[in-house]
Amino acid sequence: MSFQATRMLTPGPTPIPDRVRLAMAAPLPHHRKDAFKTIMHENQDMLKKLFCTEGPVIPLACSGTGAMTASAFNLFEPGEKVLIATAGHFGDRWIDIAKMRGLETAVLRWSAGEAIAPEAVREALDADASIRGVFMQISETSTGVLHPVKDVADITRERDVLLVADGISAVSLSPILMDEWGIDCLLTGSQKGLMLPPGMAFVALSPRAWARAEQVRPTCFYFDLIGERENCAKDQTHYTSPISLMVGLNEALKMLFEYGMDKVFKKQYALMKMARAGAEAMGLELFVKEEKHSTWGLTSICLPEGVKASPVIAKAWKDCSVILTAGQGELKEKVIRLAHMGWVDWADIAAGLHALAYSLPEKPQGAYLEAALEAYHKALAE
Ligand SMILES: Cc1ncc(COP(=O)(O)O)c(C=O)c1O
């Protein structure tokens, strides 16, 4: 038994506030009765505000990949061609999902650690007029890159091409203006910025994406967005609702809006600056070189030559009760991901930086905590 607080600094699941945990511990309302419908109604209003969209935000009982699957199956017919802009593990997941749907795929593969250039998306679309959609991540969680989705939307909105954006590690962590930017499908999951346990995902479509969904022959019994939209309008879900998660969501969204999304984003921005400054002051290299392309919910830190991630992660857990995460795929032993999403604050990130420094075979000499905290406070004051 560890006699100290566990700090889960992982890119999902993330720590959950007591207010949300306690709300979920209350007796369950029945999902077809009025008390639950009131919660659903409030959630829908708040989700629309969160997604910055006027259309419904469809809740699904599944993890984030379910929402990705729902978008591919509801927006495209087998045989249609889509462009997958990928720079990492989750981008590659789009390829598998699209193939499972029987879509033809064009792949725009970008260097991990770099933001996909919108111009490259434009060139790929110019080169092939049969492409009906672009799939990409807003934040690629495997590397910590924030992709320029707004700029890609400027390109897709001018054409008959739907932009499907995976915002699983971006929604509620950095600003995303779905309608204003022209994103056609925005999706996220419950276990990251929303400060909830895993198990729920959300999908919102633009009017032209709904029009497309109405034309697509349904071939997926469970992920039927048209059916879910009808139920959503009645403050219901098609099948049994994830009741506790809906109750928790109600509390989490109230917390976010009580505090104010601008302040939530500022905090995320400051935590990103803090993590980057701390790692650099330790003498470590950042995987995402340009700060403007760094996602606000996690920081990928390169390990020195010859140091492997798994023993560092094991020591941080054993001696500091801090859960850090390795990179994914090729980056597995080379990169440590320090996440700063969910119910975490500067003190958790200071603990994360300390756990990392303490667990390296050669202890860093620099005053990394001072540097990190200075960057944090400076960012808040910007
Ligand atoms: C960007 C991104 N996409 C997709 C997923 C997959 O989500 P899930 O594991 O909830 O199915 C994740 C999970 O970490 C993610 O971060």
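None of the figures in this text is laboratory data; all of them are computed from the coordinates on show. Only a predicted model underlies this, so the values are computations on that prediction, with no experimental measurement involved. As a convention, Cβ positions derive from the backbone with ideal geometry for all residues, glycine included, and neighbour counts pool all protein chains shown.
In the chain, one over the average inverse separation of all distinct C-alpha pairs is 21.2 Å, which is the Kirkwood hydrodynamic radius. As a rough guide to protection, the peptides 272-279, 122-129 ranked by mean Cβ packing within 10 Å, highest first, stand as 272-279, 122-129. Residue by residue, region 70-77 carries 3J(HN,Hα) couplings of 4, 5, 5, 7, 9, 10, 9, 8 Hz when phi is fed to the Karplus relation 6.51 cos²θ - 1.76 cosθ + 1.60 (θ = phi - 60°); x denotes Gly or Pro.
Based on the Cα coordinates of region 202-284, what is the per residue volume of their convex hull in Å³? Please report the intermediate quantities before stating the final value.
Details: hull volume 15.8 nm³, N = 83.
Hull volume over Cα atoms, normalised by residue count, gives 191 Å³.
Let me check against my output: what whole-number percent is the relative contact order of the chain, with C-alpha pairs under 8 Å and at least 6 apart? It would help to have the intermediate numbers written out before the result.
On the way: 796 pairs, mean separation 89.1, N = 382.
Relative CO of the chain lands at 23 percent.
Over region 89-199, what lengths in whole Å, largest first, do the semi-axes of the equivalent ellipsoid take, defined as the square roots of 5 times the eigenvalues of the alpha-carbon gyration tensor? Write down the numbers at each step before the final one.
Numbers: eigenvalues 99, 50, 38 Å².
Square roots of five times the eigenvalues give 22, 16, 14 Å.
For Glu285, the residues whose amide H sits under 5 Å from its own are Cys302, ignoring neighbours fewer than 5 places away on the same chain, with H placed 1.01 Å from N. Couplings 3J(HN,Hα) for region 368-382, derived from phi with the Karplus relation 6.51 cos²θ - 1.76 cosθ + 1.60 (θ = phi - 60°), are 5, 5, 4, 4, 5, 5, 4, 4, 4, 5, 4, 5, 5, 7, 5 Hz, where x marks Gly and Pro. Using a Förster distance of 51 angstrom, determine the FRET efficiency expected from the C-beta separation of Phe3 and Ala129, and round it to 0.05. The pair Phe3/Ala129 has a calculated efficiency of 0.20. Packing, as the average of other Cβ atoms within 10 Å across residues, places the peptides 83-89, 36-42 in the order 83-89, 36-42, highest first. Taken one residue at a time, the phi angles of region 164-181 give Karplus couplings (6.51, -1.76, 1.60, θ = phi - 60°) of 9, 10, 7, x, 4, 10, 10, 5, 6, 10, 8, x, 9, 9, 3, 5, 4, 6 Hz. Gly and Pro are set to x. In region 18-258, the DSSP beta bridges split such that about 40 percent are antiparallel, to the nearest 5. When the Cα gyration tensor is reduced to axis lengths a ≥ b ≥ c, the ratio a/c is 1.5 or higher for region 1-79, and with a/b not above b/c it is classed as oblate. Once both labels are positioned 7 Å from their Cα atoms along Cα-to-Cβ, the gap between Ala120 and Glu285 label points is 1.9 nm.
How long are the semi-axes of the equivalent ellipsoid of region 309-382, taking √(5λ) for every eigenvalue λ of the Cα gyration tensor, in whole Å from largest down? Numbers along the way, then the final one.
Working: eigenvalues 98, 43, 29 Å².
The three semi-axes for region 309-382 are 22, 15, 12 Å.
Give me the Debye-computed log₁₀ of I(q)/I(0) at q = 0.14 Å⁻¹ for region 143-259, equal point scatterers on Cα only, no solvent, two decimals. One equal scatterer on each Cα of region 143-259 leads to -0.70. Region 89-123 and region 202-269 have Cα centres lying 24 Å from one another. Over region 21-147, the pair-distance histogram of Cα-Cα distances with 5 Å bins from zero comes to 2, 9, 15, 16, 17, 14, 9, 8, 5, 3, 1, 0 percent, rounded to whole numbers.
Ranked highest first by average number of other Cβ atoms within 10 Å, how do 328-334, 132-138, 371-377, 294-300 line up? Mind showing how you got there, number by number?
Details: 328-334: 15.4, 132-138: 25.7, 371-377: 19.9, 294-300: 28.3.
My ranking of the peptides, most packed first, is 294-300, 132-138, 371-377, 328-334.
Quick check on the chain: helices-only [θ] at 222 nm, where DSSP H runs of length 4 and up contribute -39,500 (n - 2.57) each and the sum goes over total residues. Nearest 500, please. If you can, show how the numbers build up before the last one.
Working: 14 runs with 168 residues, N = 382.
For the chain, the value works out to -13500 deg cm²/dmol.
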